[in-house]
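The values are calculated or read from the model by the stated rules, or taken from the named source; none is laboratory data. Computed from a predicted model, the values in this text were never measured in an experiment. When we count neighbours, we look across all protein chains shown, and the Cβ atoms used for this are built from the backbone with ideal geometry, even at glycine. Areas reflect the complete protein model, heavy atoms only, side chains present, ligands, DNA and RNA absent. Shrake-Rupley method; radii C 1.70, N 1.55, O 1.52, S 1.80 Å.
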Amino acid sequence: MEERGTGMKLTDVKKADLALLPTPFQRMRNLEKELDCPELYIKRDDLTDVGLSGNKVRKLEYLVQQAIDEGCNTLLTYGGPQTNHGRLTVAAAVKMGMKSVLILSGKRPDYCSGNLILDCLMGADLRFTTGDEAELAKQVIKEYESRGDKVFEIPLGGSTIEGALGYFYMAKEMKEQMDAMGVHPKYVVTACGSQGTFCGLWLGAKYFNTGFEVIPVAINPNPLFKEEQAADLINRISETYELGITCAPSDISINIRRGDVCYSGLGYNVPDRETRDAMRLLARTEAIFTDPCYTGKVFHGFLDMAQHVFPKGSGVVFVHTGGVPGIWTKEHVDAMQDDFWK
């Protein structure tokens, strides 16, 4: 997928109408009491409305509009079998009357669960591969175009210059909510995977002078994208829209662990006890659910940093980026049997 050229103005960029905005900004008083830690907040981007919702919807508003502008009727994207981005890309396609294709890495699972069930319910074309995903995508695009369709290709996580604008503007939205409540948290903790969410938020926080620092937590102990890639994406966004902000890799620190406490779990989508414990704490104090692959890990990091890293009472926000269907993937349901049933 080609990104649009430099020299654009923010006012030049259009977006499709997919998300229910603004999403709620709430204080977690029960959790505060449980931890004896004041000023804990949550930004509910698990409630962006479409497709059981999550952070990717904000990005997809811009990407889907680009697809429409280019005359495309089919969205194609990539991910693992339980990709939340993939599920929401399919949901966006359904909402806009388009077709959808997911190129999924690895073998076809023997058991259909979690996001895969939702993808099937929405009519997605699922293609699994243990080989070259880009090569399979070329074949699929050729297949669709032979039938008269035009395919719009969306990269992993929707983390493009335009997609990141969704979270650039979310920084402004959250600042306005904080101002309306009369609260001024100093730290905002968010997931960092393909980096579009984090980079958009980081840039928006600077541009709109929000007064808070954006803290990224990796969802993988061996992240594919690191500080260098984040700084590069931030700088490309800033240059494209003439924002006048620059970022060096040294300006960013992606949090994977604190000493022996690993926020990122054992591996991508691998069940781990610490993540499940964090999920359970939020559920039993605030009746808010997180998933074991993404947001549960980030919430684990949020808990640890709120109690042991940030000054007490400084105000910390957890950005809930969705992903709840991941609770019902077979590997995680199996892992939770010992926790709750046996």
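Taking Ser100 and the conditions (1) open to solvent by less than 40 Å² (accessible area, probe 1.4 Å); (2) part of a helix (DSSP H, G or I); (3) of a type outside the set (A, V, I, L, M), which numbered condition does it fall short on, given that it satisfies the others?
Just one mismatch for Ser100, condition (2).
Could you tell me which numbered condition Ala231 fails, if it satisfies all but one of (1) surrounded by fewer than 24 Cβ atoms within 10 Å (Cβ to Cβ); (2) within 19 Å of the chain's Cα centre (by Cα); (3) not in a helix (DSSP H, G or I)?
(3)
May I ask you to list the residues in the stretch 196-220 that are polar (S, T, N, Q), touching a residue at least 40 places away in the same chain (Cβ under 8 Å) and part of a loop (DSSP other than H, G, I, E, B)?
Passing the criteria: only Asn220.
Conditions (1) assigned to a helix (DSSP H, G or I); (2) touching a helix residue (DSSP H, G or I) at 6+ places or on another chain (Cβ under 6 Å), marked per residue:
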site: Gly131; (1), (2): no, no
site: Ala137; (1), (2): yes, no
site: Lys142; (1), (2): yes, no
site: Phe152; (1), (2): no, yes
site: Gly166; (1), (2): yes, yes
site: Glu173; (1), (2): yes, no
site: Gln177; (1), (2): yes, no
site: Val188; (1), (2): no, no
site: Ser194; (1), (2): no, yes
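Inside the stretch 107-154, can you point out the residues that are free of Cβ contacts under 8 Å to residues at least 12 places away in the same chain and over 18 Å from Lys330 (Cα atoms)?
Gly131, Asp132, Ala134, Glu135, Lys138, Gln139, Lys142, Glu143, Glu145, Ser146, Arg147, Gly148
Name the single residue, out of those in the stretch 36-81 being of a type in the set (A, V, I, L, M) and closer than 22 Å to Ala171 by Cβ, that is modelled with the lowest pLDDT. I'd like the intermediate steps shown before the answer.
First pass over the stretch 36-81, keeping only residues of a type in the set (A, V, I, L, M): 40, 42, 47, 50, 52, 57, 60, 63-64, 67-68, 75-76.
Pick out the ones that are also closer than 22 Å to Ala171 by Cβ and you get 40, 42, 47, 50, 57, 60, 63-64.
Numbers: Leu40: 98, Ile42: 98, Leu47: 97, Val50: 94, Val57: 97, Leu60: 97, Leu63: 97, Val64: 98.
Within the stretch 36-81, the match that is modelled with the lowest pLDDT is Val50.
Can you pull out every residue in the stretch 293-316 that is at pLDDT below 95, out of contact with any strand residue (DSSP E or B) (no Cβ under 6 Å at 6 or more places or on another chain) and under 23 Å from Ala335 (Cα atoms)?
Cys293
Kindly provide the set of residues from the stretch 67-87 that are touching a residue at least 40 places away in the same chain (Cβ under 8 Å) and within 20 Å of the chain's Cα centre (by Cα), ordered by number.
At the first step, the residues of the stretch 67-87 found to be touching a residue at least 40 places away in the same chain (Cβ under 8 Å) are 67-82, 84-85, 87.
Residues satisfying the conditions are Leu75, Leu76, Thr77, Tyr78, Gly79, Gly80, Pro81, Gln82, Asn84, His85, Arg87.
Suppose we filter the stretch 106-130 for residues that are crowded, with 16+ Cβ neighbours inside 10 Å and among the small types (Gly, Ala, Ser); how many remain?
Residues meeting the conditions: 3.
Going by the structure shown, is Phe302 farther than 18 Å from Pro223 by Cβ and not aliphatic (A, V, I, L, M)?
For Phe302, the condition - farther than 18 Å from Pro223 by Cβ and not aliphatic (A, V, I, L, M) - is not met.
May I ask you to verify whether Val94 is aliphatic (A, V, I, L, M) and surrounded by 24 or more Cβ atoms within 10 Å (Cβ to Cβ)?
On the way: aliphatic (A, V, I, L, M): yes; surrounded by 24 or more Cβ atoms within 10 Å (Cβ to Cβ): no.
So Val94 does not fit the description; no.
Just to verify a result, which residue in the stretch 159-194, among those that are within 13 Å of the chain's Cα centre (by Cα) and open to solvent by 10 Å² or more (accessible area, probe 1.4 Å), is modelled with the highest pLDDT?
Ala191
Here is a list of conditions, (1) open to solvent by 60 Å² or more (accessible area, probe 1.4 Å); (2) part of a loop (DSSP other than H, G, I, E, B), and Pro223 meets all of them except one; can you say which number that is?
Looking at each condition in turn, Pro223 falls short on (1).
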